[in-house]
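Presented below is the structure to which this report refers.
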Amino acid sequence: MMDGRKERELSAEMIDVGTERELSATIAQLVQRLKGSHLHSQLERRAKDCLHQPEIKLESLKEDVRHFLRVSGWEKKLHNAVYREMHVQPPLSLLPTPPEHRKEPLLYMRSAQASWERRVLKSLSSMSSELGVPLARKRPPAEQKELANKWNEMSTDEPDLSQFRPVYAPKDFLEVLIGLRNPNHDHSEQVSTRSHWGLIQLPLSVRDVVQMREMYSELGLTSGQLGIDDQANLHPDVFESQHVEVGKKVVLDQDSAAAQQYSRQGCPMGLRADLWALILNATNQAQDMMHYEQLKAGVIQHDLLVDNLIYKDVKLTASNDDYYFVFEDFLYQVLMCFSRDTAILEHFMYNSASPPKSFIQGKGQEECAVVYPPNGVIPFHGFSMYVAPLCFLYNSPSELYSVFREMYVRYFFRLHSVSSSPSGIVCLCLQFERLLQAHLPQLFYHLRQIGAQPLRIAFRWMVRAFSGYLSTDQLLLLWDRLLAYDSLEILAVLAAAVFAFRSDNLMEVTSLASAE
């Protein structure tokens, strides 16, 4: 009896020691990341400036400086920066972990992603060779001047893009996901036949409805939701006015964690832009504007092949959309600057993908290989729709850019890379299929029998986070929750819910075309 108690005490002590070590390692990692940042230099400067103030005493220097940083709002800015780092970067492992394992722990996923990257890069290189268009070239002075003059009117340009084609479309990427198999999994073993109904055949763990109800408890029918009036405990007008008042206080307090928690019930239209920027810790200070201007100068100086892909994509998607066609100029500006932003390369530390490399000159020599495009992201058909909804919220190009960049490195990259992340597109597809099989098995079986696999319809919705498929007001309400819960899982739930909502009609259809 005594031995058992001692064992329990010993194991509890070991857990405490392990937790302390993990916490110390995490703090050290956060300090290392923030060192050298613009915020770090600002904090140092403010701390030095405050030393000249009479209320700062030598005998209580440390406490007085901390108090000054707290009352002047700098401590809150540091909290928000730490909060951002903890959400963006993967948790630190105490065990020595190879970099590729931090990107993606499963070897077959890494292999599939690498194979897909080679295919995409080959497609881009072939296009460059066939059309005789270089991957990059410096613009002549006259062309630079012309572009600088019409920077805000790029939509008036009508370049001949007939020869250019998107490097890939979502349906091409879906075929890659359908072909994924875990080589260690015995596919012949006796499993329920239902698990073979879907297109994604992988033994990955995803949340079921019970777990999701627990995770997303604030989305329950008893809680007030902005944008939804039914079944709330309060009268809609009372709930909305109270929610707006709380929202104003959250914005005033400038706390990222509070803004994220608040947004679980939706963001009021007048506060949404401020709340999203606060959650993402996306700033629009002098250094952010300067960074944007540097990227703009890069666009003006050099012409990239991917610029044509951006033009083509905007023309094929946003320009034909009733909601977004007015933002065509903004989309060109933001996406072209994005393609030149080497700061985006940092996200490849925790992205299963790797930045593509190509030879601008000295073909075949490894030392001549450069990341192309400079941000490491090759745009695909529909990519511009990640930016389009944000144009409703931000009218400053630098602020719009800052928010989009944060949205991309936190969420959107997961929608077009092969990974086992719970928020990755593979798990979203699996979750969608399992939800539909568990709750609407007859519908799933019927659609499968007529050759209209539900995922073939829903995939394009999820890969674009429903942008272009929902009206903007509804899409922004959806993205409120995406940011609030720091997860993309909700996309799979909505996709399944759309099928549930249309289930009666879908049971009558006889082909994929009529189902769509």
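The values are calculated or read from the model by the stated rules, or taken from the named source; none is laboratory data. Quick caveat: nothing in here was measured; it's all calculated off a predicted structure. All Cβ positions, glycine included, derive from the backbone under ideal geometry; neighbour counts span all protein chains shown. For accessibility, only protein heavy atoms count, side chains too; no ligands or nucleic acids. Shrake-Rupley method; radii C 1.70, N 1.55, O 1.52, S 1.80 Å.
Worth pointing out:
- Meets criteria (of a type in the set (K, R) and closer than 22 Å to Q265 by Cα) for R464: no
- The helices (runs of 4 or more DSSP H) found entirely in segment 249-314 that carry 1 or more residues being among the acidic types (D, E) and under 28 Å from A148 (Cβ atoms) are 286-301.
- Sub-8 Å Cβ pairs linking a first residue in segment 498-516 that is closer than 13 Å to Q442 by Cβ to a second residue that is open to solvent by less than 50 Å² (accessible area, probe 1.4 Å) and not in a helix (DSSP H, G or I), at least 6 apart or interchain, are F499/L440; A500/L440; S503/L440, ordered by first then second residue.
- Looking only at segment 499-516, residues that are under 27 Å from F413 (Cβ atoms) and surrounded by fewer than 17 Cβ atoms within 10 Å (Cβ to Cβ) come to 0 in all.
- Scan segment 411-442 for residues that are β-branched (V, I, T) and either part of a helix (DSSP H, G or I) or open to solvent by 10 Å² or more (accessible area, probe 1.4 Å) (or both) and the total you get is 2.
- Only a single criterion out of (1) surrounded by fewer than 22 Cβ atoms within 10 Å (Cβ to Cβ); (2) of a type in the set (F, W, Y); (3) in contact with a strand residue (DSSP E or B) (Cβ under 7 Å, 6 or more places away or on another chain) is not satisfied by Y372, namely (1).
- For segment 477-495, the set of residues classified as assigned to a helix (DSSP H, G or I) and open to solvent by 10 Å² or more (accessible area, probe 1.4 Å) consists of L477, L478, R481, I490, V493, L494, listed by residue number.
- Each residue in segment 332-362 was checked for being among the polar types (S, T, N, Q) and either open to solvent by 50 Å² or more (accessible area, probe 1.4 Å) or part of a loop (DSSP other than H, G, I, E, B) (or both), and 5 pass.
- In segment 104-125, the residues that are of a type in the set (K, R) reach residues that are open to solvent by less than 50 Å² (accessible area, probe 1.4 Å) with C-beta atoms within less than 6 angstrom, at least six apart or across chains, in these pairs: R110/E104.
Each row is one residue, and each column tells you yes or no for (1) modelled with pLDDT of 85 or more; (2) open to solvent by 50 Å² or more (accessible area, probe 1.4 Å).
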site	(1), (2)
R137	yes, yes
M154	no, no
P170	yes, no
F173	yes, no
L180	yes, no
H187	no, yes
G198	yes, no
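- Applying the set (1) open to solvent by 10 Å² or more (accessible area, probe 1.4 Å); (2) over 28 Å from L475 (Cβ atoms); (3) at pLDDT below 95 to A297 leaves exactly one unmet item: (3).
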